[in-house]
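Below is one structure, written out as structure tokens; comments come after it.
The values are calculated or read from the model by the stated rules, or taken from the named source; none is laboratory data. This structure is a prediction, so every number in the text was calculated from the model and none was measured. So basically every Cβ, Gly included, is an ideal-geometry build from the backbone, and we count neighbours across all protein chains shown. Side chains are part of the model used for accessible areas, which takes the heavy atoms of the whole protein and leaves out ligands, DNA and RNA. Shrake-Rupley method; radii C 1.70, N 1.55, O 1.52, S 1.80 Å.
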Amino acid sequence: MRTKNYLLLTPGPLTTSKTVKEAMLFDSCTWDDDYNLDVVQSIRQQLVELASAKSGYSAVLLQGSGSYAVESVLGSAVGVTDKVLIISNGAYGSRMVEMAQRLEINHCVYDCGEVSLPDVHWIAQLLQQDSAITHIAMVHCETTTGILNPIENVAKLAKQYQKRYIVDAMSSFGGIPMDIAELNIDFLISSANKCIQGVPGFAFVIARTDALEQCKGHSRSLSLDLYAQWRCMEDYHGKWRFTSPTHTVLAFAQALKELSEEGGIAARFQRYQQNQQKLVAGMRALGFTTLLEDGVHSPIITAFYSPSVPDYQFNIFYQHLKAEGFVIYPGKVSQSDCFRIGNIGEVYERDIDTLLVAIEKAIYWKE
Ligand SMILES: *Cc1c(COP(=O)(O)O)cnc(C)c1O
């Protein structure tokens, strides 16, 4: 085990601050007011405030990684007589489809491939053709490629056709400004270890209160019952139904404080965007090509085609960068040979500068 940390250029877990890690040096009691009232309730309140300036929303925290919360929402929000349209253009959209299959949830899928944005006119047509659809679910930043999906346009359709709207904003919430009331989002899902810059261990759902009320009795799972988890947190002042990830929660409270100190989501968005633009410009100067066009790109993670250098192997490239203190991410796109570099977390422009120097050396490095 290395004692010196490397920089995680991956979209979660990501590099956290020393102070976030230090916040975990305290053992909390799961039923004491110090923890539930002061920490958990305050986190729930802050999440709601970060999500919208308007009222009518509530936050539910749930043990597990981000996928647990996505599965909890699908399994609790979509009732037996309902039907969800899942819009997919990557691995996380496909994961929602897999969940719907496993849970035997009525669903239909609009898959527009991995490198294009969904066509809003086509979605409107699907909604017109199939009146059984009650919910629309999609991913905001599809971390597979870094594409940023048009949640604003789909929000308009959800409102026009009166559908419940579920958004996996796992890798964007906290890093890209949005107001979920303006966007008509009923359920927004994210997790502790992405743009809020906490450590892994739980996920959260920020939902319209009336939409949460409607989840009662729907859940196909006991531990992933969103309604039951919400009621417990509401009725017992921040209490989790089952053992809560106490240390992770303390780290998250500190991460929220640091987000505010940085200047909030708008300031963090700026930093991420500067990181990403610097990265792309530097990589292009080294001869790399991005998988996506600039216009559809998020400021979160970027996919690059593997370099056309003789004998290039991702693993060697990866190991060399790791030795220099940077951990990058393999590709996840099925059709193209890529690797990915994330720029969220405690990552600053100076880190991107050092990374680019290391990449230039690593491309031509052989064993
Ligand atoms: C990270 C992520 C998830 C959740 O992945 P987990 O490994 O379960 O935390 C879901 N959707 C998107 C878009 C993500 O980036």
For region 192-277, what is the accessible area per residue in Å² when the probe is 1.4 Å?
40 Å²
Would you work out what percent of the accessible area of region 129-278, with all protein chains in place, is carbon or sulfur (probe 1.4 Å)?
48 percent
Pairwise FRET efficiency - residue 80 versus residue 160, Cβ, R0 = 35 Å, nearest 0.05
0.85
Using Cα atoms only, what is the angle between the long axis of helix 226-235 and the major principal axis of the chain, expressed in degrees (0 to 90) to the nearest 10?
70 degrees
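Considering only protein heavy atoms, with the full assembly of protein chains and a 1.4 angstrom probe, order 131, 336 by accessible area, largest first.
Values: 131 105, 336 35 Å².
So, going from the largest accessible area down, we get 131, 336.
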Centre separation in Å (Cα based) which lies between region 43-60 and region 197-255:
13 Å
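Per-residue counts of other Cβ atoms within 10 Å, averaged by peptide: what ranking do you get for 204-211, 75-82, highest first?
On the way: 204-211: 20.8, 75-82: 19.1.
Descending mean neighbour count gives 204-211, 75-82.
Any idea what the relative contact order of region 290-367 is, in percent, if you count C-alpha pairs under 8 Å spaced at least 6 apart? Before the final figure, lay out each step's value.
Working: 80 pairs, mean separation 27.2, N = 78.
The value is 35 percent.
Express the relative contact order of the chain as a whole percentage, based on alpha carbon pairs under 8 Å and six or more residues apart in sequence. The partial results should precede the final answer.
Working: 719 pairs, mean separation 89.5, N = 367.
Once normalised by length, the contact order is 24 percent.
Only bridges with both residues in the chain count here: give the DSSP antiparallel percent, nearest 5. The partial results should precede the final answer.
Numbers: 23 of 42 bridges.
Close to 55 percent.
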Based on Cβ point charges of +1 for Lys and Arg and -1 for Asp and Glu, what charge dipole magnitude is obtained for the chain about its Cα centre, in debye rounded to the nearest 20?
280 debye
Considering only DSSP states other than H, G, I, E and B, which chymotrypsin sites (Phe, Trp or Tyr not before Pro) in region 1-57 qualify as loop sites with at most 16 other Cβ atoms within 10 Å?
6, 26, 31
Lys/Arg +1, Asp/Glu -1 at C-beta; the chain dipole; positive extreme among 141, 270, 81
141
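Hey, what did region 82-237 get for relative contact order, percent, Cα under 8 Å, at least 6 apart? Show your work: numbers first, answer last.
Details: 251 pairs, mean separation 25.8, N = 156.
After rounding, I find 17 percent.
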Helix 246-262 vs. the chain, principal-axis angle (Cα, 0 to 90°, nearest 10)
70 degrees
Please work out how much length the chain gains when fully extended from residue 124 to residue 98, using 0.36 nm per residue of separation minus the C-alpha to C-alpha distance, in nm with one decimal.
7.0 nm
Can you flag which of 18/54; 156/257; 83/159 are past 24 Å Cα-Cα?
18/54; 156/257
Sorted largest first, the Cα spans of the chain on the principal axes come out in Å as 59, 54, 34
Residue 324 versus residue 281: modelled label distance in nm, points set 7 Å from Cα along the beta carbon direction:
1.9 nm
To make sure I understand the rule: partners must be aspartates and glutamates, Cα under 19 Å from the Cα of residue 216, and not fewer than 8 residues away in the same chain. Which ones qualify?
71, 82, 104, 186, 225, 234, 235
Relative to the present Cα-Cα distance, how much length would full extension add between residue 131 and residue 346 at 0.36 nm per residue of separation?
72.8 nm
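Going through region 21-115, which GluC sites (Glu not before Pro) have at most 16 other Cβ atoms within 10 Å and a DSSP loop state? Intermediate values should be presented prior to the final figure.
Values: sites: 22, 49, 71, 98, 104, 114; in loops: 104, 114.
Those satisfying the criteria are 104.
Multiply the residue separation of residue 17 and residue 313 by 0.36 nm, subtract the distance between their alpha-carbon atoms, and state the gained length in nm to one decimal.
Values: separation 296, 0.36 × 296 = 106.56 nm, distance 3.19 nm.
The residue 17-residue 313 span can extend by a further 103.4 nm.
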Mind checking which lysines have their C-alpha under 25 Å from residue 361, skipping anything on the same chain fewer than 8 residues away?
4, 278, 322, 332
Roll a 1.4 Å probe over the protein heavy atoms and report the accessible area of residue 164 in Å², nearest 10.
50 Å²
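Just the accessible area per residue of region 65-138, please: how many Å² with a 1.4 Å probe? Working shown, then result.
Numbers: 3170 Å² over 74 residues.
Roughly 43 Å² per residue, with all protein chains present.
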